[in-house]
Structure formats: C-alpha cells, structure tokens
C-alpha cells in the first residue's frame, strides 16, 4: 500500500476520533500513529476523541514546526510495521530500541519518562529483586510493548510465561479474575486504570521497578516521504527544546490537573 493510499485509509477510518484532522493539507501532512489504548495520564478518549497531554504536545510541536499532523490510533505492532514500511510518517509514545532505530529517527528530547513496575493482587505479593524472581509466574503485558532486555529475553526463552492483551484495561480484568499472577507495565498508566475501574484497593505495586526510568519518544520513519524530511525533523527537535525552556510541559500538565513529574518526568534534560 502506498503512503497516499494509507494516509487516506487511516484518515477516513479514524476521522471521527481526531479533533484536528479537518485542518490538514495533503502537501504538508505528517501522519503520526499512536497506540490505540487508554493510557492515562498521557492520553485517553473523551466523547469518542483522544485527548490528553501527549496529544497537546504533538499538536504544539507541529504548530511550532510549521507542519500539519493527522494522528492515527493503531494497534502498536501494526503502527511499528507501517513506520518501518513508510506507509505512515512516524509515531509518538514509544521507546527507542536498536531495532526501531534501524527504520526511524528519534527526536533528541524525550516526550516523557516511564517507570515500569510489577503489580499483583493485594495479599499475594512476592519478592522481586531480579528477573529470575519472575520465572514461572504468568505475567500480563500489552501486546507489542517492550519491557526490559532481560524480561523480553526470559519471555522468548519461555522462562516467564506471558499473557498478552491489546490494552491495559483487559490486563487489569485478567489480574482481577486471577487469570494471571501479575502485570508488567507503566506505573502511572496502570494506577490510573485501577482508579478509573474502582479497583485501586485490590492491587499493589512491588517495590522494585523492572528498569530505571525509560525515555519515551516521538519518531519519524526513515522512509517518510514528507517534503524535506531532515529539515522537518530539525524543526521538531528545536520545537521540543523551546517548549522545555518555556515550561510548556508544565502548563500542559496543569491543564489536565496533573503534576508535570507524573506526566513527563522530571528528567527531561
């Protein structure tokens, strides 16, 4: 599928969910994917439209860079495949890995930082200090997400049996229904899901995180056909730096009633 066809297809399919899609112009259009899950406090649906700090940041970066964007919610594995093929221009909300750097350029400034943790049912805590402590335990993860190099290796080798789901909400239900023993995922997102589902009192986070805080990025496909791609990326990089200096991240966080450190982390530099 060519890029123009792909852009038209996703634009028609998701038009009703994107609040600013009607402002784009084809000759300056940057089609950016994001995971089609509810990920409070970063992005979520309100009256059928995705809103939240991440959506605001991408729009601000686009405005400052002089480009137009169409944001397309997709299953994460499909989004990565389309970025690799160049049928969409990029994404936001993902980690930088050597595999992804082979087909995408990541902006210099992280969009946010994620702390990955293990959550279990209250009263069923276990000691977790190293990856071997998870061996033999059925862990729920979001399909297509990376966790840590050691976790992913243990998963592929069958040492950690995993149950994958397309979103965190389904994983929470699986944990509550005792179909899995734990969830491995982003701390703030899972805590927001527990609160929204009135299940906060049923689960606890194990004290030791899976990894140190991991940066989350905006990236652009190396096969993107957008006009003057390198210059566009340079403008986006400058926009992110200017926004950091102007405390734009703080203002966006306050708009949604959050502390900046919860949304974007306090390790931006």
Quiz item: If we scan the stretch 160-173, do we find a residue that is in contact with a helix residue (DSSP H, G or I) (Cβ under 9 Å, 6 or more places away or on another chain) and more than 24 Å from residue 199 (Cα to Cα)?
Solution: yes
Practice problem: Would you point out which residue out of 218, 267, 252 is in contact with a strand residue (DSSP E or B) (Cβ under 8 Å, 6 or more places away or on another chain) and modelled with pLDDT of 95 or more? | Solution: 218
Exercise. Mind telling me which of the residues 136, 169 ends up being in contact (Cβ under 8 Å) with a residue 24 or more places away in the chain, outside the structural domain of residue 81 (by TED's automatic domain parsing) and on the phi > 0 side of the Ramachandran plot?
Key: 136
Self-check item: Enumerated strands (runs of 3 or more DSSP E) restricted to the stretch 41-92, each holding at least 3 residues that are modelled with pLDDT of 95 or more and either touching a strand residue (DSSP E or B) at 6+ places or on another chain (Cβ under 9 Å) or buried (at least 17 other Cβ atoms within 10 Å of the Cβ) (or both)
Solution: 68-74
Quiz item: Given the conditions (1) out of contact with any strand residue (DSSP E or B) (no Cβ under 9 Å at 6 or more places or on another chain); (2) surrounded by 19 or more Cβ atoms within 10 Å (Cβ to Cβ), which single one is not true for residue 181?
Solution: (1)
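The values are calculated or read from the model by the stated rules, or taken from the named source; none is laboratory data. Worth saying up front: this structure is predicted, and the values here are computed from it rather than measured. Methodologically, a virtual Cβ is constructed for each residue, glycine included, from the backbone with ideal geometry; neighbour enumeration extends over all protein chains shown.
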